[in-house]
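A.B. asks: The structure that follows is given in the form of structure tokens.
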Amino acid sequence: MMKSRTVEIWVGLFVAAGLAALFVLAMQVSNLTLVDDEGYPLTARFDNIAGLKVRAPVTVGGVRIGRVTAIDYDPRTFQAVVTLRIQARFNQLPEDTGASILTSGLLGEKYVGLEPGGAEEVLAPGGSIAITQSSLILEQLIGKFLFSKASEEK
Amino acid sequence: MEWLAGLGHSALSFFQRLGRGHLLFFAILQGLPGMVLRPGLVVQQVYAVGVLSLIIIVVSGLFVGMVLGLQGYNTLVDFGAEQSLGSVVALTLVRELGPVVTALLFAGRAGSALTAEIGLMKATEQLSGMEMMAVDPVRRVLAPRFLAGFLSLPVLAAIFSAVGVWGGYFVGVGLLGVDDGAYWSQMQAATDFRDDVWNGVIKSLVFGVVATWIALFEGYDAIPTSEGVSRATTRTVVHTSLAVLGLDFVLTALMFGE
């Protein structure tokens with residue numbers, strides 16, 4: 001049996017390596033941000049959110065400022081209600097901010113892009129974004145393109 | 001008639017073993033609080049079970065990651081999506097291969113050693129000797145080994161996944177020319193800490209309990225002959241592998257099935 005001091009040092013190294021590995025997985029692999037849960041909610045209503053998922057990023061000018069926390073359906077207006085959680089330090093979004101569902105790359109994931117407007121008032125926590133643009137659906141787009149081509153040839 | 005009796009006998013002995021296994025499990029759990037007073041025993045076992053398994057885990061993790069990088073690249077490049085290699089490698093490792101392959105290697109490297117050690121202790125009547133001295137072998141021998149296995153497997157699985165991600169990086173970015181930034185950013189966009197990394201850790205904790213429990217039980221329940229110990233060791237590896245693979249499916253269905 002090895003001396004217990006040596007054993008203890010090895011075990012210490014082993015545990016430290018494990019913690020370091022978990023740290024790498026948290027920071028480098030999953031990009032864990034500790035302040036993620038803080039922030040204030042906003043809602044936006046879309047006609048079509050096809051492909052948007054909970055935890056999708058919310059960006060302004062390409063910079064992530066929050067996440068989608070819930071997606072619901074309003075049976076009266078037939079619209080999708082998307083709840084966004086914006087980090088607390090970005091609390092100066094103008095009231096006429098627009099939201100659109102965009103795709104990163106041709107086949108990438110969907111995200112919500114916010115387009116700040118010029119109003120003086122800012123969106124209060126729990127406020128609703130009025131100007132929204134729905135998800136772009138590739139099939140519909142191709143259908144429209146073919147339709148317009150066909151009508152041109154007449 | 002003879003055939004029916006044989007079926008009944010094997011069914012009865014199966015349930016008897018299952019019952020003995022659970023009784024032993026609860027006896028070990030009762031012995032765990034006492035380990036607070038004797039951390040030295042646990043440290044000794046973490047060395048035997050964890051530190052000595054480190055080399056095979058690191059080497060396997062590296063090569064599994066490299067193979068994932070190579071195969072993933074060859075598949076993804078057909079779709080022009082080789083930028084997503086990072087997310088493929090990381091999700092595969094963190095969710096599945098890290099915990100599962102680590103548990104399988106653990107069964108072969110550490111579980112078999114535990115079974116052989118305890119089986120031999122039983123065969124050479126060391127366990128009976130302890131009982132004669134009013135030392136409970138479950139508390140003195142099994143509990144520290146159980147705790148060590150339970151703690152070591154998640155650590156080994158985390159190391160396996162982290163090393164594998166770098167293995168995929170070496171092959172994907174270093175050899176095949178995937179963009180460095182895209183590898184990491186796609187990985188970070190696709191991998192979530194709570195949904196992916198943490199569920200992987202939970203999986204490896206479950207596997208740690210199961211693998212160590214089976215190894216200890218097979219050793220403690222072994223027929224105290226050289227043949228009995230050898231058969232118990234084989235059973236440890238086979239049963240642990242089957243249990244890990246079966247449980248992995250159940251856990252995956254629960255965690256990622258929505």
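A.B. asks: What single numbered condition from (1) in contact with a helix residue (DSSP H, G or I) (Cβ under 6 Å, 6 or more places away or on another chain); (2) modelled with pLDDT of 85 or more fails to hold for B:Asp136?
C.D. replies: (1)
A.B. asks: For A:Lys149, state whether it is of a type in the set (Lys, Arg) and within 14 Å of chain B (Cβ to nearest Cβ).
C.D. replies: no
A.B. asks: Regarding the stretch B:69-86, can at least one residue be identified that is surrounded by fewer than 18 Cβ atoms within 10 Å (Cβ to Cβ), more than 30 Å from B:Ser185 (Cβ to Cβ) and in contact (Cβ under 8 Å) with a residue 60 or more places away in the chain?
C.D. replies: no
Residue-by-condition table, conditions (1) of a type in the set (A, V, I, L, M); (2) surrounded by fewer than 16 Cβ atoms within 10 Å (Cβ to Cβ); (3) farther than 18 Å from B:Val206 by Cα:
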| site | (1), (2), (3) |
| --- | --- |
| B:Met1 | yes, yes, yes |
| B:Leu4 | yes, yes, yes |
| B:Gly8 | no, yes, yes |
| B:Leu12 | yes, yes, yes |
| B:Gln16 | no, yes, yes |
| B:Ile28 | yes, no, no |
| B:Pro33 | no, yes, yes |
| B:Val36 | yes, yes, yes |
| B:Val46 | yes, no, no |
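A.B. asks: Answer with yes or no whether A:Arg5 is touching a residue at least 12 places away in the same chain (Cβ under 8 Å), within 30 Å of B:Leu156 (Cβ to Cβ) and within 14 Å of chain B (Cβ to nearest Cβ).
C.D. replies: no
A.B. asks: Checking A:Ser148 against (1) loosely packed, with under 15 Cβ neighbours inside 10 Å; (2) assigned by TED's automatic domain parsing to the domain that holds A:Val54, which single condition isn't satisfied?
C.D. replies: Here A:Ser148 clears every test but (2).
A.B. asks: Considering every residue within the stretch B:139-161, establish whether at least one is surrounded by fewer than 17 Cβ atoms within 10 Å (Cβ to Cβ), more than 14 Å from chain A (Cβ to nearest Cβ) and modelled with pLDDT of 90 or more.
C.D. replies: No; the residues of the stretch B:139-161 include none that is surrounded by fewer than 17 Cβ atoms within 10 Å (Cβ to Cβ), more than 14 Å from chain A (Cβ to nearest Cβ) and modelled with pLDDT of 90 or more.
A.B. asks: Now a separate question. Which residue pairs have Cβ atoms under 6 Å apart, sit 6 or more places apart or on different chains, and have a first residue in the stretch B:217-232 that is at pLDDT 90 or above and a second that is not in a helix (DSSP H, G or I)?
C.D. replies: What qualifies is B:Gly228/B:Ala222; B:Val229/B:Ala222; B:Ala232/B:Ala222.
A.B. asks: Also, I was wondering about something else. In the stretch B:205-234, what count of residues is obtained for those that are among the charged types (D, E, K, R) and buried (at least 18 other Cβ atoms within 10 Å of the Cβ)? Even if it seems obvious, please write down each step before you answer.
C.D. replies: Just the residues of the stretch B:205-234 that are among the charged types (D, E, K, R), to begin with: B:218, B:221, B:227, B:231.
Okay, now just the ones that are also buried (at least 18 other Cβ atoms within 10 Å of the Cβ), so B:218, B:221.
Number of matching residues: 2.
A.B. asks: Return only the number of the condition from (1) closer than 28 Å to B:Leu85 by Cα; (2) crowded, with 16+ Cβ neighbours inside 10 Å that B:Phe256 does not satisfy.
C.D. replies: (2)
A quick yes/no check of all residues on (1) away from every other protein chain (no Cβ under 12 Å); (2) in contact (Cβ under 8 Å) with a residue 40 or more places away in the chain:
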position	(1), (2)
B:Leu18	yes, no
B:Val42	no, yes
B:Val58	no, yes
B:Met66	yes, yes
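A.B. asks: When the residues of the stretch B:172-196 are narrowed to those that are among the β-branched types (Val, Ile, Thr) and buried (at least 24 other Cβ atoms within 10 Å of the Cβ), which ends up nearest to the other protein chains (Cβ to nearest Cβ)?
C.D. replies: In this case the residue turns out to be B:Thr191.
A.B. asks: Is there a residue in the stretch B:71-81 that is at pLDDT 90 or above, within 29 Å of B:Gly257 (Cβ to Cβ) and within 14 Å of another protein chain (Cβ to nearest Cβ)?
C.D. replies: Looking for residues that are at pLDDT 90 or above, within 29 Å of B:Gly257 (Cβ to Cβ) and within 14 Å of another protein chain (Cβ to nearest Cβ), one finds none in the stretch B:71-81, hence no.
A.B. asks: Further question: Can you tell me which of (1) assigned to a loop (DSSP other than H, G, I, E, B); (2) within 14 Å of chain B (Cβ to nearest Cβ); (3) of a type in the set (Phe, Trp, Tyr) is the one A:Phe14 doesn't meet?
C.D. replies: Among (1) assigned to a loop (DSSP other than H, G, I, E, B); (2) within 14 Å of chain B (Cβ to nearest Cβ); (3) of a type in the set (Phe, Trp, Tyr), the lone unmet condition for A:Phe14 is (1).
A.B. asks: Looking at (1) outside any loop (DSSP other than H, G, I, E, B); (2) among the charged types (D, E, K, R); (3) away from chain B (no Cβ under 13 Å), can you tell me which one A:Arg64 breaks?
C.D. replies: (3)
The values are calculated or read from the model by the stated rules, or taken from the named source; none is laboratory data. What you see is a predicted model, and the numbers here were worked out from it, not measured in a lab. A quick note on method: Cβ atoms are made from the backbone with ideal geometry, for glycine too, and the neighbour counts reach across all protein chains shown.
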